[in-house]
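Nothing in this text is a laboratory measurement; each read-out follows from the coordinates by a stated rule. Only a predicted model underlies this, so the values are computations on that prediction, with no experimental measurement involved. Neighbour counts run over all protein chains shown; Cβ positions are idealised from the backbone, glycine included.
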Amino acid sequence: MHFAVVKSKTIIIIISIILVCTILAASFGGVKLAEVFFGYSTRLVPVYCVDTEQKQVAITFDAAWGADKTQGILDILGQYNVKATFFLVGFWVDEYPDMVKKIDEAGMEIGTHSNNHPDMAKLDKKQIDDELDQSISKIQNITGKKVEFFRPPFGSYNNTLLESAQQHDLISIQWDVDTLDWKGLSATQISDRVMSKVKNGSIILMHNNSDNVLDGLKLTLDRLKVRGYNVTEVGKLVYKSDFTIARDGTQIKTKGEIENAKLS
């Protein structure tokens with residue numbers, strides 16, 4: 001009888017271990033529960049903002065539909081003597097090649113926003129590669145410049161997408177300040193959203209053809225200047241090598257990057 005009790009306890013312990021292992025191996029929202037339980041994560045994240053002591057922020061414009069206000073944006077950026085990054089969709093490039101040239105000639109930075117603006121987290125590896133290859137090729141054929149940055153459509157991503165972007169030598173960029181300008185917000189509402197969230201190293205999301213983007217941009221640039229922020233493109237804000245990305249998407253320079261900065 002005593003042996004039977006000990007054996008039963010052993011069986012219960014073994015079953016419990018199996019159940020725990022099964023639960024921890026399971027995934028929730030793309031993240032293994034073991035990663036949460038033990039405090040680590042293998043989930044990749046793009047750059048949402050940059051850890052920096054400099055009062056510097058980047059303004060970005062996603063371009064997928066329409067171009068009516070794009071020249072106006074370039075004019076305003078020129079008036080304020082600031083640069084920005086434009087993330088262009090491939091079919092937008094096809095429709096507005098002359099505007100792509102103008103963006104480039106104005107000294108703005110151009111990244112890819114995919115070729116057809118799908119939810120790329122739902123695509124397989126080959127489809128992702130095709131989206132990136134085609135959009136990069138279209139941009140580079142016009143500008144003659146390397147495309148270094150990628151913004152996932154809808155802000156949707158997974159490890160496969162981010163790994164594919166890395167293989168294309170692209171740094172994936174999100175944002176930590178969303179103007180929501182596409183919702184028809186007024187210029188004041190757009191600017192208020194920026195000023196309530198902006199900090200050193202912020203990446204600001206705007207859209208090239210939203211209703212009040214022109215007035216919203218001018219008001220925002222005025223207010224950022226008053227607060228002492230230097231506005232620039234993504235490439236002048238992010239670290240292109242020797243960096244890590246925290247779980248919240250903050251890009252942090254490593255020791256190697258710090259030493260390089262001291263030498264420059």
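Shape analysis of the stretch 49-263 yields a ratio of the Cα radius of gyration to the Kirkwood radius, Rg/Rh, of 0.95.
The distance linking the stretch 177-222 with the stretch 47-66 is 12 Å (Cα centroid to Cα centroid, whole angstrom).
Oblate is the label for the stretch 37-89. Its Cα gyration tensor axes, ordered a ≥ b ≥ c, give a/c of at least 1.5 and b/c at or above a/b.
Between W65 and Q167, how high is the FRET efficiency from 1/(1 + (r/R0)^6) when r is the Cβ-Cβ distance and R₀ = 35 Å? Nearest 0.05. In this case the efficiency is close to 0.75.
Taking every C-alpha pair closer than 8 Å and separated by at least 6 residues, the mean separation divided by the residue count of the stretch 49-263 gives a relative contact order of 30 percent. Counting beta carbons within 10 Å around each of R193, R151 and listing the fewest first gives the order R193, R151.
Output the pairs from K126/K253; K55/K225; K83/K183; K101/K240; K125/K253; K101/K126 with a Cα-Cα distance over 21 Å in this structure; if there are none, say none. Among K126/K253; K55/K225; K83/K183; K101/K240; K125/K253; K101/K126, the Cα-Cα distance tops 21 Å for K126/K253; K83/K183; K101/K240; K125/K253; K101/K126.
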